[in-house]
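Structure record follows, encoded as structure tokens.
The values are calculated or read from the model by the stated rules, or taken from the named source; none is laboratory data. Source: prediction; values computed, not measured. Please note: Cβ atoms are built from the backbone with ideal geometry, for glycine as well, and neighbour counts cover all protein chains shown.
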Number of protein chains: 2
Amino acid sequence: MSELRQDLVTERWVIIAPERARRPAENNCQPSKEDEANCPFCAGAEKTTPPEIWVARKSGGPNQPGWKVRVVANKFPALRVEGMLDREGDGIYDRMNGIGAHEVIVETPDHKTELQDQTLEGIGTVLTACKERMLDLMRDDRLRYILMFKNVGPQAGASLSHPHSQIIATPITPSRVKRKLEGSREYFRRKERCVFHDILRQEQRDGRRVVYENGGFLCFCPFASRFPFELCILPKRQAADYHSITTEEIAQLADTLKVTLKKLTLALNRPQYNLILHTAPVRRARRRDYWDTLDQDFRWHLEVLPRLAEPAGFEWGTGFHINPTPPEDSAQYLRELTL
Amino acid sequence: MSELRQDLVTERWVIIAPERARRPAENNCQPSKEDEANCPFCAGAEKTTPPEIWVARKSGGPNQPGWKVRVVANKFPALRVEGMLDREGDGIYDRMNGIGAHEVIVETPDHKTELQDQTLEGIGTVLTACKERMLDLMRDDRLRYILMFKNVGPQAGASLSHPHSQIIATPITPSRVKRKLEGSREYFRRKERCVFHDILRQEQRDGRRVVYENGGFLCFCPFASRFPFELCILPKRQAADYHSITTEEIAQLADTLKVTLKKLTLALNRPQYNLILHTAPVRRARRRDYWDTLDQDFRWHLEVLPRLAEPAGFEWGTGFHINPTPPEDSAQYLRELTL
């Protein structure tokens, strides 16, 4: 069983997960060409993963080929659903059991079809899988936050190359999430406008950092980008929770992802990257909650962080990032790129 | 000129530094064997760097061979000393000029002598260089924080393999530093004891996470380690500012670094790592300062972060880290390793 431990000074939590050490390793420099033969996520290998939790299928029975998108428990989970939190002290420190959930969204049965190469309908099914899993996990009273993310490439943390995303649900609201929520609340308190609304308007008016726009979403390189070619995808409709996304918005988001990830892939020659979904923490209707004002303060959004350079001592020491490429340059390059 | 930009939601600053894009690049997979021939930090290549700002020499004149440790301005600086901050708005956002300092401490004239392979006196001279540069930079009223760090290996952010450390001084106190200071202050307010004093006592009493101890310092793997084999080196004497380090403490810290970095190198087969010095921000005697209580709240310390695995989407999204190796295991391994 993994363990959650809190740093006494910064209040940051870490997950100590010895089971993760047994994950299949990829060589950082030369991703194996043979891993397709033994891939547990390909069609036909359904028995090598835990049973499916959610599935979209064309044909076949449970845990058999014929599926389009498949969600399974992570075989090397950072957190597990079974057990009690048992929050307790250890000397002056705090710890609790590693309770939570860790799932894998296998985006396609085909090893080589990247997310942006799927049809709009295919991308939409992945986005729906994520919504459905969140709605289900929210029912577990122990869980406070549900993060969807996607690691592409070994240096971005992917241990398997088959296209997949992950969901981790945690029993506490993570510090980085809290900071975004508190920043958003403080902005609303001062201005009586949502900070994400103001950012959307500013980026549309300015235009220099815009990469792509459709009826539902704006994709731009953030003003204070930490990384070259960093992207933010922001919905135009005010909503704190990703799980409130409509069918129309799923189609619009699929279009935005297809265009912008294709552009990124072309511009940077198949970069390694992380995609992160920022959504509001799980709130309970029956209790007055610290996050009661989020529906007006905060808006869910996606971040894409290309991993062209690794954070170094300065970034670890300060939280400051040094970015050699102005976001205006990244955005112009991507905007003008013809697919 | 580089630019500092603030994120509107999280208040995190970034440095947009186009000049850094021209740094010499190393191939991540196969560090060049030939870079020794063209190394700007080796003895004899003094004219290829900016002139020395600080030096310890055996012989020779300024910017000539005969030096032991040499500090020069970074040729590709993230921040520059010249100019005014010109803090201003850009639409709804905030920016200022990239004012600050960015220096390189060349630790040895010999390309192949890593820090831990130097004599105790040699390591002590590097530690003294850092103290002297901090005392000098503190006199610049525009600077609020001075960070010393060391990147070892290309994946840890080093663009040159010659042993060196860096100093970056920033015109604002970085968010990650503030968080440590505020956590320390809050702990003192509740307990009337310094949190670092309590950690030192707890680690000595428990013993399971201790790697090495001498008269002046304790080296241990932190309870909530983010990375396998993460180390913290904590002075036994209460002091918020690294620049208050005594001659005796410099000798003791040199001993601690020599032993623990040698152990780490042996255990992990020359790992890439970041070393970070956490010290108090620059305080001004003449003005009442927000950080007035730091002398009792906070204690300077060193962090060593081996880069065995890269942070992935989950870490970027939450600030949570997943660490597969319990710090008790890392510490036992290092403690029992014979040099």
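Taken over the stretch B:116-129, the criterion of being part of a helix (DSSP H, G or I) and more than 20 Å from B:Glu46 (Cα to Cα) is satisfied by B:Gln116, B:Asp117, B:Leu120, B:Glu121, B:Ile123, B:Gly124, B:Leu127, B:Thr128.
Within the stretch A:136-157, restricting attention to residues that are among the hydrophobic types (A, V, I, L, M, F, W, C) and out of contact with any His (no Cβ under 8 Å at 6 or more places or on another chain), the residue that is farthest from A:Thr108 (Cα to Cα) is A:Leu143. Restricting A:Leu200, A:Leu127, A:Leu135, A:Leu147 to residues that are surrounded by fewer than 17 Cβ atoms within 10 Å (Cβ to Cβ) and modelled with pLDDT of 95 or more narrows the list to A:Leu135. The condition of being in a helix (DSSP H, G or I) and either over 30 Å from B:Pro228 (Cβ atoms) or at pLDDT 95 or above (or both) holds for only one of A:Lys47, A:Lys68, that being A:Lys47.
Contact map, the stretch A:314-339: residues that are on the phi < 0 side of the Ramachandran plot paired with residues that are among the acidic types (Asp, Glu) and assigned to a helix (DSSP H, G or I), Cβ distance under 8 Å, separation 6+ or inter-chain. Pairs shown: A:His321/A:Glu315; A:Ile322/A:Glu315; A:Pro324/B:Glu19. If you go through the stretch B:189-206 and keep only what is farther than 16 Å from B:Ala239 by Cβ and more than 7 Å from chain A (Cβ to nearest Cβ), you end up with B:Arg189, B:Arg190, B:Lys191, B:Glu192, B:Arg201, B:Glu203, B:Gln204, B:Arg205.
Whether any residue in the stretch A:95-109 is within 10 Å of chain B (Cβ to nearest Cβ) and surrounded by fewer than 21 Cβ atoms within 10 Å (Cβ to Cβ) is what I want to check. Within the stretch A:95-109 (the criterion being within 10 Å of chain B (Cβ to nearest Cβ) and surrounded by fewer than 21 Cβ atoms within 10 Å (Cβ to Cβ)), the answer is yes, since at least one residue qualifies.
For the stretch B:233-331, the helices (runs of 4 or more DSSP H) that sit wholly inside it and include 3 or more residues that are within 14 Å of chain A (Cβ to nearest Cβ) are B:313-318. On the stretch given as the stretch B:169-183, residues that are in a helix (DSSP H, G or I) and either more than 7 Å from every other protein chain (Cβ to nearest Cβ) or more than 21 Å from the chain's Cα centre (by Cα) (or both) total 3. One residue stands out in the stretch B:145-165 among those that are within 16 Å of B:His102 (Cα to Cα) and touching a Leu at 6+ places or on another chain (Cβ under 9 Å): the one that is nearest to the other protein chains (Cβ to nearest Cβ), namely B:Phe149. The number of residues in the stretch A:189-201 being part of a helix (DSSP H, G or I) and either among the aromatic types (Phe, Trp, Tyr) or under 25 Å from the mean Cα position of the chain (by Cα) (or both) comes to 7. Before we move on, is B:Phe223 in contact with a strand residue (DSSP E or B) (Cβ under 8 Å, 6 or more places away or on another chain), in contact (Cβ under 8 Å) with a residue 24 or more places away in the chain and at positive phi? In short, no. Scan the stretch B:51-62 for residues that are surrounded by 15 or more Cβ atoms within 10 Å (Cβ to Cβ) and not β-branched (Val, Ile, Thr) and jot them down. If the condition is that a residue be surrounded by 15 or more Cβ atoms within 10 Å (Cβ to Cβ) and not β-branched (Val, Ile, Thr), then B:Glu52, B:Trp54, B:Ala56, B:Arg57 are the ones that fit. Filtering A:Ala240, A:Ala224, A:Ala254 for residues that are modelled with pLDDT of 95 or more, of a type in the set (Gly, Ala, Ser), surrounded by 18 or more Cβ atoms within 10 Å (Cβ to Cβ) and in contact with a Gly (Cβ under 6 Å, 6 or more places away or on another chain) leaves a single hit, A:Ala254. Only a single criterion out of (1) within 14 Å of another protein chain (Cβ to nearest Cβ); (2) in a strand (DSSP E or B); (3) buried (at least 17 other Cβ atoms within 10 Å of the Cβ); (4) not basic (Lys, Arg) is not satisfied by B:Gly89, namely (3). In summary, B:Glu186 fulfils each of the numbered conditions (1) more than 13 Å from chain A (Cβ to nearest Cβ); (2) more than 17 Å from the chain's Cα centre (by Cα); (3) assigned to a helix (DSSP H, G or I) with the single exception of condition (1). Do you know which residues across the stretch A:203-221 are buried (at least 22 other Cβ atoms within 10 Å of the Cβ) and aromatic (Phe, Trp, Tyr)? If the condition is that a residue be buried (at least 22 other Cβ atoms within 10 Å of the Cβ) and aromatic (Phe, Trp, Tyr), then A:Phe217, A:Phe220 are the ones that fit. Contact map, the stretch B:184-206: residues that are within 14 Å of B:Ala224 (Cβ to Cβ) paired with residues that are of a type in the set (Asp, Glu) and buried (at least 21 other Cβ atoms within 10 Å of the Cβ), Cβ distance under 9 Å, separation 6+ or inter-chain. Pairs shown: B:Val195/B:Asp297. A:Ile172 meets all of the listed conditions (1) buried (at least 19 other Cβ atoms within 10 Å of the Cβ); (2) modelled with pLDDT of 95 or more; (3) among the aliphatic types (A, V, I, L, M) but one, namely (2). Would you check if there is a residue in the stretch A:280-292 being within 23 Å of A:Pro163 (Cβ to Cβ) and either free of Cβ contacts under 8 Å to residues at least 60 places away in the same chain or crowded, with 22+ Cβ neighbours inside 10 Å (or both)? For the stretch A:280-292, residues within 23 Å of A:Pro163 (Cβ to Cβ) and either free of Cβ contacts under 8 Å to residues at least 60 places away in the same chain or crowded, with 22+ Cβ neighbours inside 10 Å (or both): absent.
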